[in-house]
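A short write-up of the structure that comes next.
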Amino acid sequence: MKHLAIAAAALLLAQAPAGATTVRVHYAAGKDVIQVRADKGAAGWSQGVPATRDLGPLNVWTFTWPDALGDIQMKPTLGADKVSIGGVYKLAAGSTLDIYPFFGAPFGKVTIVKDVASPQLSNKRALRIYLPPSYGENLAKRYPVLYMHDGQNLFDAKTASFGVEWGIDETINRLVATGVMDEVIVVGIDNTPERIAEYTPCCDPKYGGGKLAAYDAFIVETVKPYVDRTYRTLPGKDTTAIMGSSLGGIASVLIGQHHPDIFSKAGGVSSSFWWNNGTLLTKVPDRVPVKFYLDAGTRDDGLDDTTKMRDAMLAKGWRDGDDLLFYKAEGGRHNEASWAARVDKPLTWFFPWGSARQ
């Protein structure tokens with residue numbers, strides 16, 4: 001089957017005229033026809049033009065423009081009037097772009113996988129997995145993955161530690177619907193009674209800690225392989241991120257630094273860089289090819305230490321605004337309500353609309 005798919009893709013490329021800008025819309029339209037609306041050519045924004053359906057085994061619809069028209073902005077429609085959800089797709093002149101749209105309601109779904117065993121930590125916990133809006137609609141599509149800690153706090157106020165959730169699902173639904181963020185799968189990894197130890201390196205004089213290496217191995221060796229074989233993921237490092245807050249923030253930063261071959265993005269929200277008398281601030285490694293997001297609020301949220309971490313990373317080769325984004329949250333506190341209010345910033349920086357490629 002893999003060889004058939006490759007052959008069909010090659011046939012599609014061969015059918016595209018030389019000197020053409022081409023979009024290939026992957027969608028099982030059934031009895032409907034995929035049409036294209038665009039800012040140039042015969043397809044306009046108010047009325048679409050039918051795309052050509054592939055005769056091979058794939059549900060692929062092709063449309064081309066002469067590359068002399070320059071860069072193209074377009075959106076597909078299902079039938080004449082049902083416009084795809086999300087932002088416009090941008091094609092450079094002469095390029096070929098594969099897109100995987102959806103047309104249904106922009107609401108993802110959270111499922112819970114109970115009792116996931118960790119041989120590294122000799123315990124169990126749940127995974128709370130957000131599947132994006134198109135997951136059940138466009139079965140040809142695969143997705144970037146964001147791994148997050150404190151899974152109980154991400155999606156449901158009833159399970160959140162202090163009765164306030166991050167609202168990750170609602171925020172992603174909104175950002176996708178408004179066309180500023182790509183769809184992603186979010187894997188919320190529940191914490192356990194050993195949270196402090198699992199999220200930290202050794203050893204704070206007051207709190208101890210020291211199980212981060214085992215927790216790191218649990219994510220890399222157990223959770224990620226399970227997710228990649230169970231769900232339609234894009235498993236490569238360019239489409240894999242990790243993020244957390246407080247102690248989960250330092251865990252994310254350290255795991256990202258340790259695994260630049262697995263994660264290309266790591267977010268530390270209100271990170272506890274005070275851990276072990278600020279030792280982490282003095283042990284920043286040389287730059288690795290990972291984008292880091294760091295933030296802190298201005299109200300009792302460790303802003304001074306986070307600023308020092310930013311400065312230490314800049315001194316080690318990271319570039320401000322390029323692979324290191326620092327945000328000072330005016331009025332922000334160390335709680336879920338503050339994190340929910342600004343989580344759109346790392347989400348849209350890590351996964352801007354149109355950035356993921358199948």
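The values are calculated or read from the model by the stated rules, or taken from the named source; none is laboratory data. Note that this is a predicted model, so its numbers are computed, not measured. Positions of Cβ are generated from backbone atoms using ideal geometry, with glycine treated the same way; all protein chains shown enter the neighbour counts. Ligands, DNA and RNA are stripped out before the accessible areas are found, and what is left, the full protein with its side chains, is counted by its heavy atoms. Shrake-Rupley method; radii C 1.70, N 1.55, O 1.52, S 1.80 Å.
Condition check: part of a loop (DSSP other than H, G, I, E, B), open to solvent by 10 Å² or more (accessible area, probe 1.4 Å) and touching a Lys or Arg at 6+ places or on another chain (Cβ under 7 Å). Does Val288 satisfy that?
Details: part of a loop (DSSP other than H, G, I, E, B): yes; open to solvent by 10 Å² or more (accessible area, probe 1.4 Å): yes; touching a Lys or Arg at 6+ places or on another chain (Cβ under 7 Å): no.
Criteria not met by Val288.
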Residues (free of Cβ contacts under 8 Å to residues at least 60 places away in the same chain and surrounded by 19 or more Cβ atoms within 10 Å (Cβ to Cβ)) located in region 327-358: Ala329
Keeping to region 31-48, report how many residues are exposed (fewer than 14 other Cβ atoms within 10 Å of the Cβ) and under 14 Å from Thr77 (Cβ atoms). 4
If you scan region 320-347, which residues turn out to be assigned to a strand (DSSP E or B) and either under 20 Å from the mean Cα position of the chain (by Cα) or under 14 Å from Gly249 (Cβ atoms) (or both)? Leu324, Leu325, Phe326, Tyr327, Ala329
So Arg232, is it touching a Lys or Arg at 6+ places or on another chain (Cβ under 7 Å) and open to solvent by 10 Å² or more (accessible area, probe 1.4 Å): yes
Given (1) open to solvent by 40 Å² or more (accessible area, probe 1.4 Å); (2) assigned to a strand (DSSP E or B), index of the condition Gly267 fails: (1)
When restricted to Gly208, Gly244, Gly278, Gly256, the only residue under 22 Å from Gly167 (Cα atoms), in contact (Cβ under 8 Å) with a residue 12 or more places away in the chain and open to solvent by less than 40 Å² (accessible area, probe 1.4 Å) is Gly244
Answer yes if at least one residue in region 80-98 is more than 21 Å from Val176 (Cα to Cα) and modelled with pLDDT under 95, and no otherwise. yes
Are there strands (runs of 3 or more DSSP E) fully within region 108-172 with at least 1 residues that are surrounded by fewer than 22 Cβ atoms within 10 Å (Cβ to Cβ), free of Cβ contacts under 8 Å to residues at least 40 places away in the same chain and of a type in the set (A, V, I, L, M)? List them. 109-118
Answer residue from region 79-93, given it is touching a Lys or Arg at 6+ places or on another chain (Cβ under 7 Å) and of a type outside the set (Val, Ile, Thr) and is nearest to Trp65 (Cα to Cα) among those: Tyr89
Note on region 301-319: residues within 15 Å of Arg333 (Cα to Cα) and either outside any loop (DSSP other than H, G, I, E, B) or modelled with pLDDT under 95 (or both) are Leu303, Asp304, Asp305, Thr306
Restricting the search to region 229-253, which residues are touching a Gly at 6+ places or on another chain (Cβ under 9 Å) and in a helix (DSSP H, G or I)? Leu247, Gly248, Gly249, Ile250, Ala251, Ser252, Val253
Does Thr200 meet the test of being under 25 Å from Trp353 (Cα atoms), touching a residue at least 60 places away in the same chain (Cβ under 8 Å) and not basic (Lys, Arg)? no
Restricting attention to region 183-203, the residues that are of a type in the set (D, E, K, R) and in a helix (DSSP H, G or I) number exactly 2
Within region 82-90, is even one residue without any contact (Cβ under 8 Å) to a residue 40 or more places away in the chain, out of contact with any strand residue (DSSP E or B) (no Cβ under 6 Å at 6 or more places or on another chain) and either surrounded by 15 or more Cβ atoms within 10 Å (Cβ to Cβ) or on the phi > 0 side of the Ramachandran plot (or both)? no
